[in-house]
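Report on the following structure.
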Amino acid sequence: MGKDKKDGGDELQRGLVQMQLAHMQDGTRTIVVVEGRDGAGKDSTIAALTEHLSARSTRIVALPKPNDREKTQWYFQRYIAHLPAAGELVIFNRSWYNRAGVEVVNGFSTVEEQAQFLKDVPDFERMLVESGIKLVKLWLDITNAEQRERLDDRATNPLKALKRSPLDAVAQDKWDDYSKARNTMLIATSSAVAPWVCVRADHKKKAHKATIRHILRTLAPNEVAKTVEVPDAEVLFPFEAKAVEDGRLEK
């Protein structure tokens, strides 16, 4: 805790609380989408964001695989049920982007369904934003070596048993396939109204602080946002197509 005070952790947490108090008062509706490879730190990032926030006004949504009935619905339908009301923050721990990542790599949907998703999602997100919802999309990126270390720890650490997934076993074997799917997804779905922000997440504490700074500068009232430092550009950067090739995103 002492170290966090020295490096600004407490100040950032206070900023998140001030942001939520303002949103609860003025009725702001907010969505944060947290995506990334297996082991990228989605859970810990969400924990860092929500540590001091209101349980009543904050919802973390991590949907299981669709049941037989949900498979017959419009793809976005089950996500719509979880959109925020006035003053609420909804964080999707994985989201509708499952269709562009996990489903592509593991064949859980058809090529036609995946192509339709990439066509539809920019319009879907535009409608969300134009309805007044604030939308932040985070892609957490890690190196192959860091993923291997984290997944090995997850497999043997009894305290991480609840994080284990059958897909962990293929994450390394299908690294290149996940990279290709990520690149296609980011290029097709980063738009002016709903851009992707990429976070280099090998160092969790640096990634958490950069992420919180970005959220505060993007979503907090001006009197809070103007006091927050710009996130470290070596850690967090807005997605652009050339990041796929210039080393900012892991290949």
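Quick look at the values:
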quantity: Whichever residue in the stretch 210-229 is farther than 18 Å from residue 196 by Cβ and among the hydrophobic types (A, V, I, L, M, F, W, C) and, among such residues, is surrounded by the most Cβ atoms within 10 Å (Cβ to Cβ); calculated: 216
quantity: Where a residue in the stretch 183-202 is more than 14 Å from residue 100 (Cβ to Cβ) and open to solvent by less than 40 Å² (accessible area, probe 1.4 Å) and its partner, wherever it lies, is assigned to a strand (DSSP E or B) and small (Gly, Ala, Ser), with Cβ under 7 Å and at least six apart; calculated: 201/36
quantity: Criterion (assigned to a helix (DSSP H, G or I), under 23 Å from residue 28 (Cβ atoms) and more than 17 Å from the chain's Cα centre (by Cα)) met by exactly one of 230, 224; calculated: 224
quantity: Members of the stretch 1-15 that are open to solvent by 60 Å² or more (accessible area, probe 1.4 Å) and either within 30 Å of residue 175 (Cα to Cα) or at pLDDT 95 or above (or both); calculated: 11, 14
quantity: Count of the stretch 28-47 residues which are open to solvent by less than 10 Å² (accessible area, probe 1.4 Å), at negative phi and not in a loop (DSSP other than H, G, I, E, B); calculated: 8
quantity: From 18, 77, 25, residue being open to solvent by 90 Å² or more (accessible area, probe 1.4 Å) and in contact with a helix residue (DSSP H, G or I) (Cβ under 8 Å, 6 or more places away or on another chain); calculated: 18
quantity: Any chance residue 251 is under 24 Å from residue 187 (Cα atoms), in contact (Cβ under 8 Å) with a residue 60 or more places away in the chain and out of contact with any Pro (no Cβ under 9 Å at 6 or more places or on another chain); calculated: yes
quantity: Pick from the stretch 112-139, criterion among the aromatic types (Phe, Trp, Tyr) and in a helix (DSSP H, G or I), ranking: farthest from residue 32 (Cα to Cα); calculated: 117
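The values are calculated or read from the model by the stated rules, or taken from the named source; none is laboratory data. If you're wondering where the values come from, they're calculated on a predicted model, not measured in any experiment. Heads up, the Cβs are rebuilt from the backbone with ideal geometry, glycines too, and the neighbour counts pull from every protein chain shown. Only protein heavy atoms, including side chains, enter the accessible area calculation; ligands, DNA and RNA are left aside. Shrake-Rupley method; radii C 1.70, N 1.55, O 1.52, S 1.80 Å.
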